[in-house]
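The values are calculated or read from the model by the stated rules, or taken from the named source; none is laboratory data. What you see is a predicted model; the values in this text were computed from it and never measured. All Cβ positions, glycine included, derive from the backbone under ideal geometry; neighbour counts span all protein chains shown.
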Amino acid sequence: MSSPKAAAKAAPKAARKPAPAISAEPSKSEKAAFLKAMMEGIKPGSLAAQKSAAKKEPGARLLGKVPKTKASPAPKAAAAKPARTSAKKAEGAPKVEILRKISGAAGVARTPESERAFALAKELEAALADGKLDLIQPPAMQALMGALCKVYSANEDSGNRYPILAGRAAVTGTDVMIVCGALLKAVDLQVFELGMWQSWAGR
Amino acid sequence: MAEQFVSKASEFKDGDRQIIRLGEQEIGIFKHEGKFYAYSNFCLHQGGPACEGLTIAGVKEHLREDKTSAGLYFDEASMHFVCPWHGYEYDMFTGEQVADRKLKLKKYEIVQKGDEVYVVA
């Protein structure tokens, strides 16, 4: 007598179908069908043809543009024609794949004031290179430096923060120390006061 | 060598770059001051994406007569691009590595036909 539990276990086993045997080699008919498909290439109107067309024309929807080829009752002739036309199209089609587009910083439009500032900076740098240190007279330098301090500070306060120099190589460390020291002296500030303010203000 | 369509010229603004794949090659195409330059995107150092890094004017140094330094400056006449992996710096006009001009990135010719840009590869 078998128990009900054993019967329940045995039932699904009996209901299971034997797994299909995996043959190591395809049959002759399968091989012939595969070879035939390889020789024929992509059949017009098939899903493969639609996918191929969609790749060539990314804008075209999958079921929209299928290469139009006449269906012929003779399979060999029909397969040969579309293969040649698709090969011709592939020759003319771009093979380039765009991986990335990187926008340049030059895309930012410069205001006329910025252009004038660039021109002045260039002129000053050129004069310095030629050894002309007095291109800008002291009152003009003072006015320019004062205006630059105010504009940069106002931008910083309003949240429009950006590095004050274009890069580390733009000026030397000595230049920076000389100018910072002169600015602090001009407004009667000591270096420790700057340090205190920076620590209080979290700058 | 065949011309391969890349893009519309109007899609390239000055300073823009495009990285394209052409077969097994990756090419970086630059537009700088109205001219196109194209180089292999594989850095000569360790194969990094050479054309995808910073573009920066060449840094030069003013020297006084006694050969002491009068400061560094950006030379806007020369433009470099820098591989983002280890900082190999290349001349945008020639593809030469700036520190050793014997090393050169492979250069590709760019042909512009009307509003269309082609790379010759």
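Over 24 Å from B:Leu22 (Cβ atoms), touching a Ser or Thr at 6+ places or on another chain (Cβ under 9 Å) and touching a residue at least 40 places away in the same chain (Cβ under 8 Å): does that describe B:Gly58? Working first, answer last.
Working: over 24 Å from B:Leu22 (Cβ atoms): yes; touching a Ser or Thr at 6+ places or on another chain (Cβ under 9 Å): yes; touching a residue at least 40 places away in the same chain (Cβ under 8 Å): yes.
When the stated conditions are applied, B:Gly58 passes them.
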Test: residue in segment A:178-201 that is out of contact with any Cys (no Cβ under 7 Å at 6 or more places or on another chain) and within 14 Å of chain B (Cβ to nearest Cβ): yes
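Counting only residues that are assigned to a strand (DSSP E or B) and aromatic (Phe, Trp, Tyr), how many does segment B:80-113 have?
Quick first cut of segment B:80-113, residues assigned to a strand (DSSP E or B) only: B:80-82, B:89-91, B:96-97, B:100-104, B:107-113.
With aromatic (Phe, Trp, Tyr) added as a condition, the list becomes B:81, B:90, B:108.
So the count comes out to 3.
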Single condition B:Ala77 does not satisfy, out of (1) modelled with pLDDT of 90 or more; (2) in a strand (DSSP E or B); (3) under 27 Å from A:Leu165 (Cα atoms): (1)
Test result for B:Glu65, part of a strand (DSSP E or B) and over 10 Å from the mean Cα position of the chain (by Cα): no
Candidate set: segment B:48-69, residues that are more than 7 Å from chain A (Cβ to nearest Cβ) and of a type in the set (A, V, I, L, M, F, W, C); chosen: the one farthest from B:Lys106 (Cα to Cα): B:Leu63
Enumeration of residues in segment B:18-36 that are within 9 Å of chain A (Cβ to nearest Cβ), more than 13 Å from B:Pro49 (Cα to Cα) and assigned to a strand (DSSP E or B): B:Leu22, B:Phe30, B:Lys31, B:His32
Close pairs (6 angstrom Cβ cut-off, 6 or more residues apart or separate chains): surrounded by 11 or more Cβ atoms within 10 Å (Cβ to Cβ) in segment A:122-143, part of a helix (DSSP H, G or I) anywhere: A:Leu135/A:Ala127
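Just to be sure before I move on: is B:Asp16 buried (at least 17 other Cβ atoms within 10 Å of the Cβ) and at pLDDT below 90 in the structure I sent? Can you show your working first?
Details: buried (at least 17 other Cβ atoms within 10 Å of the Cβ): yes; at pLDDT below 90: yes.
The answer is yes for B:Asp16.
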